[in-house]
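In what follows, a structure is listed as structure tokens, so that the remarks can point back to it.
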Amino acid sequence: MTDTTSNQMWGGRFAAGPDAIMEAINASITFDKRMAAQDIAGSRAHAAMLAATGIVSDSDAEAMREGLITVLSEIEGGDFTFSAALEDIHMNVEARLKEIVGPAAGRLHTGRSRNDQVATDFRLWVRDQLDAADGALVALMRALVAQAEAGADWVMPGFTHLQTAQPVTWGHHMMAYVEMFGRDLSRVRDARARMNECPLGAAALAGTSFPIDREMTAQALGFDRPCANSLDAVSDRDFALEFLGTASICAMHLSRFAEELVIWSSAQFRFVALSDRFSTGSSIMPQKKNPDAAELIRAKVGRIFGANVALMMVMKGLPLAYSKDMQEDKEQVFDAADNLMLALAAMEGMVRDMAAQKANLEAAAGSGFSTATDLADWLVRVLDMPFREAHHVTGSLVARAEAKGCDLPDLSLDEMQQVHGEIDASVYDVLGVHNSVASRTSYGGTAPEQVRAQVARWKERLG
């Protein structure tokens, strides 16, 4: 392609072209070339509609559509020279199309503006990212479900404040993240449904006097319907903000899980062993196996959050309809999408490869008097004790065990009866960690039977 620097698209209004500084700040081709496929798909649909409505001839429309396929082939093959002087992907494509098909290319822009063109391209691109995120989330959730199914009855400590609280099962902990990522998946699908309206044909801001068929172009591009207001169609970036908001919440969930993997894989915990594929070594300490993939996932949240805030700040003060500020929308979204997809793929890989250390999990499950609540519940259930009194009695027993340097099940019955004389030997039935988790049979609880029920539910939903 020839690097065209003369005959700017602004036409006869300006006697001189922009100087280098204006060209640099004004051009977006360095990043919006990522939307080439979407731009060409939109232009092909527009050309077909122009022919169907009689606005251009069938021969001109066919020449444009075939020429656009050639342009896309050149771009995908790396044989296309992008020009900053032509500002953006739209004008770069149109200039090359003119070189290929001649004057017919000049008819392509009939009945549209770069304002509705870029809004359409960007919606198509974001929609593709939502579809990709959908697939990545499903894959990650399946990996978590597999982990949960394998360890549905493996006991481990449950934490609050990162302090041992009550025993739970490995499967229950994995399924907690399935629920979290399931909400992310629903947000992705909800956002996609809401944004699936087509701006093409809104033109600059007021629509067009040409007898275009917006239903035809919307259908051709896979949209549910055209946008109903031309002003809103060209000035709306809610779809991008919803994508960033959804990505931010999902990235936060990824970061929380990454934090746990960093902790769990440490020598102090040894709850999981991460595979070599998602770990690195040290340049000086030969024994080190660092959970770098998890740490990088944890860090990428900042970039995705930042993109969300940045686009909010771009949009917050803009009057209708289009302002050049909106050119700053894409780099934020591109970067966030890249990092979200990378983080999802890395997390899926880590989850599929990681090996939960069953023996270490079980050894830690009973630490920190994790069955104290079970003891209090037993006092309420068997001795009909008010819970506040049971809480006090249990606290006294914990203090006695702590003083002896043992756990609650290691206290003798005599020692327990010194705190409360009605305690009998059946109390030991609830003090083991396996007994504890098995008793938590309420819906959504950690009992293995509940975990397996949730595994079955999600396997059916995920297919």
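The values are calculated or read from the model by the stated rules, or taken from the named source; none is laboratory data. Nothing here was measured: the structure is a model prediction, and the numbers come from that model. Methodologically, a virtual Cβ is constructed for each residue, glycine included, from the backbone with ideal geometry; neighbour enumeration extends over all protein chains shown. The area values use the complete protein model at the heavy-atom level, side chains included, leaving out ligands, DNA and RNA. Shrake-Rupley method; radii C 1.70, N 1.55, O 1.52, S 1.80 Å.
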Where labels lie 7 Å past Cα in the beta-carbon direction, separation of Ser439 and Ala150 in nm
3.1
Would you mind checking which residues have amide H under 5 Å from Ala27's amide H? H placed 1.01 Å from N; only 5 or more apart, or other chain.
none
Alpha-carbon centroid distance for the pair region 425-456 / region 80-105, whole angstrom
67
How long are the semi-axes of the ellipsoid equivalent to the chain, from square roots of 5 times the Cα gyration tensor eigenvalues, in whole Å, largest first?
62, 22, 19
List residues of region 118-132, by number, whose backbone nitrogen lies under 19 Å from a label position 7 Å along Cα→C-beta of Lys33.
118, 121-122, 125
If R0 = 56 Å, then Ala399 and Arg189, at their Cβ-Cβ distance, give a FRET efficiency to the nearest 0.05 of 0.60
The set of residues whose placed amide H lies less than 5 Å from the amide H of Val272, leaving out same-chain residues fewer than 5 positions away, is Ser265, Gln357
In the structure shown, of Lys33/Lys316; Lys98/Lys324; Lys300/Lys358; Lys98/Lys316, the pairs separated by more than 28 angstrom at the C-alpha atoms are Lys300/Lys358; Lys98/Lys316
Chain lengthening between Lys459 and Lys324 when straightened (0.36 nm per residue, less Cα-Cα)
43.9 nm
Mean Cβ count within 10 Å, highest first, over the residues of peptides 257-266, 143-152
143-152, 257-266
Enumerate the calculated ³J(HN,Hα) couplings along region 99-109 in order (Karplus 6.51 cos²θ - 1.76 cosθ + 1.60, θ = phi - 60°), each rounded to whole Hz, writing x wherever the residue is Gly or Pro.
5, 7, 10, x, x, 4, 4, x, 7, 5, 8
Scaled by the rule-of-thumb 2.2 N^0.38 Å, the alpha carbon Rg for region 49-204 gives a ratio of 1.68
Rounded if a/c is under 1.5, else prolate if a/b is larger than b/c, else oblate: which is region 274-387, with a ≥ b ≥ c the root eigenvalues of its Cα gyration tensor?
oblate
What is the sum of charges, Lys and Arg at +1 and Asp and Glu at -1, for the other residues whose Cβ falls under 11 Å from the Cβ of Ile423?
-4
Given a 1.4 angstrom probe, what's the average accessible area per residue across the chain, in square angstrom?
45
Modelled FRET efficiency - R0 22 Å, Ala204 with Lys98, Cβ distances, 0.05 increments:
0.55
Karplus-derived HN-Hα couplings along region 307-319 (A = 6.51, B = -1.76, C = 1.60, θ = phi - 60°), whole Hz, x at Gly and Pro
4, 4, 5, 4, 6, 4, 5, 4, 8, 5, x, 8, x
Taking the Cα centroid of region 304-353 and of region 130-192, what is the distance between the two, rounded to the nearest whole Å?
24
I need the trypsin sites (Lys or Arg not before Pro) found in region 284-341, filtered to DSSP loop residues with at most 16 other beta carbons within 10 Å of theirs.
Lys288, Lys289, Lys316
Subtract the Cα-Cα distance of Ile21 and Arg256 from 0.36 nm times their separation in residues, and report this length gain in nm to one decimal.
80.3 nm
Kindly rank 121-129, 105-113, 52-60, 239-247 from highest to lowest mean number of other beta carbons found within 10 Å of each residue.
239-247, 121-129, 105-113, 52-60
Long-range amide H partners of Gly158 with built H, under 5 Å
Ala165, Gln166, Val168
Average projected area [Cα convex hull, region 20-107], square nanometres
5.7
Figure the gain on full extension for Asp224 and Thr81 (residue separation times 0.36 nm, minus the Cα-Cα span) and round it to one decimal in nm.
48.0 nm
Estimated vicinal HN-Hα couplings, Hz - region 299-304 in sequence order (Karplus 6.51, -1.76, 1.60; Gly, Pro = x):
6, 5, 4, x, 5, 6
